[in-house]
1. Counting only heavy atoms of protein chains, what accessible area per residue, in Å², does the range B:25-119 have with a probe of 1.4 Å?
2. Any idea what the residue A:96 label distances to the other copies are, label 7 Å down the Cα→Cβ vector, nm, shortest first?
3. Just the number, please: Stokes-Einstein D of the protein assembly as shown in µm²/s, Kirkwood Rh from C-alpha pairs, 20 °C, 1.002 mPa s.
4. State the residue of chain A whose Cβ is nearest the axis carrying A onto C, and the distance in whole angstrom.
5. Output, in nm with one decimal and in ascending order, the distances from the residue B:28 label point to the matching label points of the other copies (7 Å from Cα along Cα-to-Cβ).
6. Considering amide H positions built from the backbone, and no H for Pro or chain starts, which residues 5 or more places from residue B:117, or on another chain, come under 5 Å of its amide H?
7. At 7 Å along the Cα-to-beta-carbon direction for both residue A:113 and residue C:47, put a label point, then send me their distance in nm to one decimal.
8. About its Cα centre, how strong a charge dipole does chain C have in debye, to the nearest 20, once Lys and Arg get +1 and Asp and Glu get -1 at the Cβ?
Protein chains: 4
Amino acid sequence: MSMRVRRLEARDKPAWLGLFKGYIEFYKATVSEDVIETTWQRLMAGAADFHIAFVAVDAEDTPIGLAHVLFHRSTWSPTQYCYLEDLFVDPARRQKGAGRALIEAVYTEADARGCTRTYWTTQEFNYRARTLYDQMATKSVFVQYRR
Amino acid sequence: MSMRVRRLEARDKPAWLGLFKGYIEFYKATVSEDVIETTWQRLMAGAADFHIAFVAVDAEDTPIGLAHVLFHRSTWSPTQYCYLEDLFVDPARRQKGAGRALIEAVYTEADARGCTRTYWTTQEFNYRARTLYDQMATKSVFVQYRR
Amino acid sequence: MSMRVRRLEARDKPAWLGLFKGYIEFYKATVSEDVIETTWQRLMAGAADFHIAFVAVDAEDTPIGLAHVLFHRSTWSPTQYCYLEDLFVDPARRQKGAGRALIEAVYTEADARGCTRTYWTTQEFNYRARTLYDQMATKSVFVQYRR
Amino acid sequence: MSMRVRRLEARDKPAWLGLFKGYIEFYKATVSEDVIETTWQRLMAGAADFHIAFVAVDAEDTPIGLAHVLFHRSTWSPTQYCYLEDLFVDPARRQKGAGRALIEAVYTEADARGCTRTYWTTQEFNYRARTLYDQMATKSVFVQYRR
């Protein structure tokens, strides 16, 4: 059985908050409540310049994983590119295909929009995630620089 | 003397074409004339969802290097992120600071817009570029996956 | 309970053959029967210029994992360096500490010989192994070139 | 004209000391005078378990670069492996082919001894060296762990 994935909805706010905070914590990062609320409001507003959100849900339709995806222009293609900025599955609900189903939903959406590239980044040492990614995508030879 | 950098203008089209094609060739990639023309038109149109372009110019005000920069939303910050998608300097005009000046211009613009992150990617084995990048930014531990 | 590790002995030949061949197969490599026999003979001969071998054994004293270790001179130290060339645990017997116990036995031997460095290499994408190695050693910034 | 490379000789001691210390300094490492003297004595003694040394020499036969090479046993091959532990060229004498000539001399020696592998490591960010290595060898997918 494949995991069910759907778009994030307003009633998902408590579950989404738990997932997004778990994701931020995974990166040992800090994001203020204000910024998290702003992100939630922007996801709900649905403007073209902001991310869309998918959730993988369990049998009770409760989100157990999330994906935030930005479609943006590129100088290399007339189409948009699909950037998967955030992907997270509740650690207690793993190994049931939620991550894979979320990526597949992202691919489906990217195809529907005619995107010529879908991409994301992950920490070199995130072995658990990379085990999945190696099955679904190709590790590029690109490294990332940040100021 | 620092290299002069300014925004790309309509009169730069021939020089820009030469630089952008040289850049594409560097990556052993192929981009059709149609797509290159679309990118030019979009750069000139100046829509908020498209890249802005900088050029490093010589004493005759002729572009010898380019930078294409996309400002986009993030789920992690109320501000925009600054993504330097393309950076290229004419191989015949290198070692005079054009690359560094272009990155500095990008930083200045990102600061003016309040961006909390400026980033780009490069091939792991692009040693010449990385020698410069190591001086101006931090190599992250992120690797990139692509479909 | 920690896994028991001891030196390889002549009576271990059948088990060692199974493990070493499993290890070679893991790397999708081919090593001829002749070469494997030569390696066995050299391990048994115990010359100073060849590897020593450890095995992790189960309750019946049957080897379920192996480690081959070469002690060699360095130009950087008056002591020998300890090079762990091979490490393998039977896939059917994993998650019981055999890999960790083998590395600990290598460390103990290296300490007894006064080695100032113990090192090994692994494939960048061998995530299962690296999860253990990240706990027991430090990933260096060195990459390997081969002719 | 190819750079001349020959084996290290006793009369090279002053030049060798300068090169080896420059090499150690390049790595921001510290090796005591005692250890350096021990390494020199061992190179001169010529025991089978220690490295052999090559030097690239200028027109006056003065060493301007060095290579220290260890031949050691492997469990994977009846032959010895050739490990290039140290390679260094005087920064003031670069870009004249000394590094390339030293590696070629190592390859020639490895071939004469029937080695089935010649290898070395370098820091991921040693771009100048890697530019040469990429032309003469293959970057493996192996990363190095150290205690």
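1. The answer is 44 Å² per residue.
2. Nearest to farthest, the other copies are at 3.1, 6.3, 7.0 nm.
3. Roughly 77 µm²/s, to the nearest whole number.
4. Result for the A and C rotation: A:127, 2.
5. Reported distances to equivalent positions: 2.0, 3.4, 3.8 nm.
6. B:82
7. Label-label distance for residue A:113 and residue C:47, simple model: 6.5 nm.
8. 400 debye
The values are calculated or read from the model by the stated rules, or taken from the named source; none is laboratory data. On a predicted model such as this, the values are computed, not experimentally measured, just so you know. No Cβ is skipped: glycine too gets one built from the backbone with ideal geometry, and neighbour counts run over all protein chains shown. Accessible surface areas use protein heavy atoms only, side chains included; no ligands, DNA or RNA. Shrake-Rupley method; radii C 1.70, N 1.55, O 1.52, S 1.80 Å.
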